[in-house]
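Every number here is computed from the coordinates shown, using simple stated rules; none is lab data. Everything quoted here is computed from the prediction, not taken from an experiment. Positions of Cβ are generated from backbone atoms using ideal geometry, with glycine treated the same way; all protein chains shown enter the neighbour counts.
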Amino acid sequence: MPETLTPDTLTKFAYQTFQQGKQVFGFAHKTLSTRILNTVSPKERNEPNPLTPEMIKRLQTRIDALLEADWQDAENGVYPKSALFENRWDDFFRYYPEMCLDIPGIWERANGQRHQEFSTGIETEGYPAYYVQNFHHQTDGYFSDASANLYDLQVEVLFNGTADPMRRRILAPLKRHLSATMPAVSTSPQPLKVLDIACGTGNSLKLINQSIPKVALYGVDLSPAYLRKAHENLAGVKGIPAQLVQANGESLPFVDEFFEATTSTFLFHELPAEARQNVINEAFRVTKPGGIFVMCDSVQAIDTPEFKPMMENFPAIFHEPYYRHYITDDLIARLETAGFTNITTANYFMSKYWVAFKPAN
Ligand SMILES: C[S@@+](CC[C@H](N)C(=O)[O-])C[C@H]1O[C@@H](n2cnc3c(N)ncnc32)[C@H](O)[C@@H]1O
């Protein structure tokens, strides 16, 4: 039976169309850049497992399920529907040409297997050795403003426009928990505090603000350049201005039990095993008893064995030196080792979520 046309079905249709546009754009960009590359520098590319039509079909089904969940959460008031249509068009028009111009340099470094090459003047001293990398073959790794300006666009293209829908999957458990906590502390003049570990350019903080505008937002990241970009991205948010601090997630500059909630999106696959445990331990330390920790990262081998060929492609095509270990790492065991309990997991498209609680006193 055809759906009756209501303002709601029209908005849903507009959202689906908006996302389809992003998918087409992402796909077109990747196809074009590969074609140009093969013309300019024809040689065997390092893609050991080409995607089969069956795999592409499954991926599309998972994208559709992600977008449906995104729409449903907006319908249920987890965040406003207007959030679904947000896009930084000014950045897109300003930096898309730059992103294209950056491609030959990226391929050249990738072909030459040069994974620690930075522009003159970039200071890498004092950072953990595992961090001093051209992750995803990115020019300057996480070390320059130019890299920070291109990062979100590169991720948009890589995930065909689904990065924010994936990040938004952390919001429902976070909001549910904080809403339950809020009445108990409503007499306190202090707002609830949420820390995003490895906040990058501030995307997750912005999404948290759209969903739960009253909380005080804190973000840490190792990259000063990405924090500068986060400041720019968060400049217009309503509510309490976010506090952004340059710090290693392995030793957070906050006192014990400071935050009602901690979050992290797309960090753990870029950390070696020991650092993963250290960050989780720190998340536990700074979270209040009874508080919540919500993590989002890549799917793991155990969840989607059918995507194993694709997971093997990822570190081979992009420079992701810790990804292979990450996809088989038992993060539930790591969360339990830190002291978290009531751990649940979920999967959407290429992402996985862990929701964990610090026991109340
Ligand atoms: C893939 S990006 C994800 C950024 C952001 N959370 C997002 O959703 O787009 C990884 C981020 O982790 C940061 N990072 C990596 N290792 C870190 C560490 N040990 N402590 C703090 N930040 C770290 C990087 O600087 C980068 O901004």
Item to check | Cross-link partners of residue 81 among aspartates and glutamates (Cα-Cα below 18 Å; sequence separation of 8 or more within a chain) | outcome: 8, 64, 68, 70, 73, 164
Item to check | region 166-357: radius of gyration and largest Cα-Cα distance (Dmax), Å | outcome: 16.2, 53
Checklist entry - Which length gain, in nm to one decimal place, applies between residue 341 and residue 115 when the Cα-Cα distance is subtracted from 0.36 nm times their residue separation? => result 77.6 nm
Checklist entry - With the contact rule set at Cα under 8 Å and sequence spacing of 6 or more, what percent relative contact order holds for region 121-181? => result 16
Checklist entry - Tell me, what is the percent relative contact order of region 125-273, built from C-alpha pairs under 8 Å that lie six or more residues apart? => result 25
Checklist outcome for this item: Under the helix-only model (-39500 (n - 2.57) for each DSSP H run of 4 or more, divided by the residues of the chain), the mean residue ellipticity at 222 nm, to 500 deg cm²/dmol, is -15000 deg cm²/dmol
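Pairs of alpha-carbon atoms within less than 8 angstrom and 6+ residues apart define the contacts here; what relative contact order does the chain have, in percent? Intermediate results must be reported in sequence, preceding the final value.
On the way: 537 pairs, mean separation 58.6, N = 361.
Reported as a whole number, the value is 16 percent.
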Checklist outcome for this item: Hits in region 129-143: amide N under 16 Å from the 7 Å Cα→Cβ extension of residue 108, namely 137-141
Checklist entry - Mind listing the phi-derived Karplus ³J(HN,Hα) values for region 155-165, rounded to whole Hz, using 6.51, -1.76 and 1.60 with θ = phi - 60°, and x for any glycine or proline? => result 5, 4, 5, 4, 9, 6, x, 9, 4, 5, x
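Counting every Cα pair in region 125-186, what percent are over 12 Å apart?
Numbers: 1441 of 1891 pairs.
Taking all Cα-Cα pairs of region 125-186, the fraction more than 12 Å apart is 76 percent.
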Checklist entry - Among 22/206; 12/57; 238/308; 22/238, which pairs are too far apart, with a Cα-Cα distance over 31 Å? => result 238/308
Checklist entry - Working out 0.36 nm times the residue gap between residue 124 and residue 190, then minus their Cα-Cα distance, what length gain in nm do you get to one decimal? => result 20.0 nm
Item to check | Distance histogram in 10 Å bins (all Cα pairs of the chain, percent per bin) | outcome: 5, 23, 34, 26, 9, 2, 0
Checklist entry - For region 76-109, list residues with backbone N below 20 Å from a point placed 7 Å from the Cα of residue 238 toward its Cβ? => result 76-88
Checklist entry - Under a 5 Å amide H to amide H cut-off, with H placed in plane at 1.01 Å, what residues pair with residue 291 once short-range neighbours are removed? => result 358
